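Peer 1: There's a structure below that I have some questions on.
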Amino acid sequence: MLIRLLTVAVVLSVLGFLPASSANAADGFELTFPQEAEVTGFSNSWGAARSGGRRHRGTDLMAPKMTEVYVAADGVVTRVTSSGRAGRYVMVTHADGWETYYMHLNNDNPDTNDGRAPWFLTVAPGIYVGAEVVAGQLLGWVGDSGNAEGGSAHTHFELHRHGRALNPYPYLRDALERALIPPEEHTIAAAYIR
């Protein structure tokens, strides 16, 4: 078991996931990783330049279309809508002023890039404005809607507190680390990872 833990620590370190972020410990907000960890790629692109002089205000979780997207923390769905840039998206409000956004969700019918999918191919049953949701609950599916149309499929994930966008990367990295190391090994792994 010790060799397995050390191997996990080395792999996570090489991938840039360690040392673990202290952001969650400091503010008490802990996420569940919002996509299938095995098929997701992401990097810290916070603040990167975007068209029109904008800056990137989230983390892009790259994955094939129709990869499942999950609710990152308990809360209430406060938006299920679409816009030109964000495409089809969902916003969930959490306790203590936290909000998570899941953008560029699927808008295509199977095996097309038609942008005309019914909403049941975008969001999961039970995802509607006012719905109470729990961490890990199916929210919807990865797509390329909005200004991601024609690009690589991904979920643009944003994290806000009291209306201010925060860099979600450290929270996602921490959530991925917890997802990849079985819960019974977290304490033991932490001793070897630090």
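The values are calculated or read from the model by the stated rules, or taken from the named source; none is laboratory data. Because the structure is predicted, anything quoted here is derived from the model rather than measured. Neighbour counts are summed over all protein chains in view; Cβ atoms, including those assigned to glycine, are modelled from backbone coordinates with ideal geometry. These area figures cover heavy atoms from the full protein model, side chains too; ligands, DNA and RNA do not enter into them. Shrake-Rupley method; radii C 1.70, N 1.55, O 1.52, S 1.80 Å.
Peer 1: Efficiency by 1/(1 + (r/R0)^6): what FRET value for Asn44 and Glu68, r their Cβ-Cβ distance, R0 = 25 Å, to the nearest 0.05? Don't jump to the answer; show the numbers that get you there.
Peer 2: Details: r = 23 Å, r/R0 = 0.93.
E(calc), rounded to 0.05, equals 0.60.
Peer 1: State the percentage of accessible surface on the stretch 49-194 attributable to carbon and sulfur atoms; use a 1.4 Å probe and exclude ligands, DNA and RNA.
Peer 2: 52 percent
Peer 1: What is the magnitude of the charge dipole of the stretch 55-135 about its Cα centre, with +1 placed on the Cβ of each Lys and Arg, -1 on the Cβ of each Asp and Glu, and no other charges, expressed in debye to the nearest 20? Kindly include the intermediate steps, with their values, before the conclusion.
Peer 2: Working: 7 positive and 9 negative charges, 72 e Å.
Here the stretch 55-135 has a charge dipole of around 340 debye.
Peer 1: A follow-up question, please. Sequence-distant or interchain residues sharing an amide H contact under 5 Å with Arg79, placed H: which?
Peer 2: Excluding prolines and chain starts, which carry no amide H, the hits are Met91.
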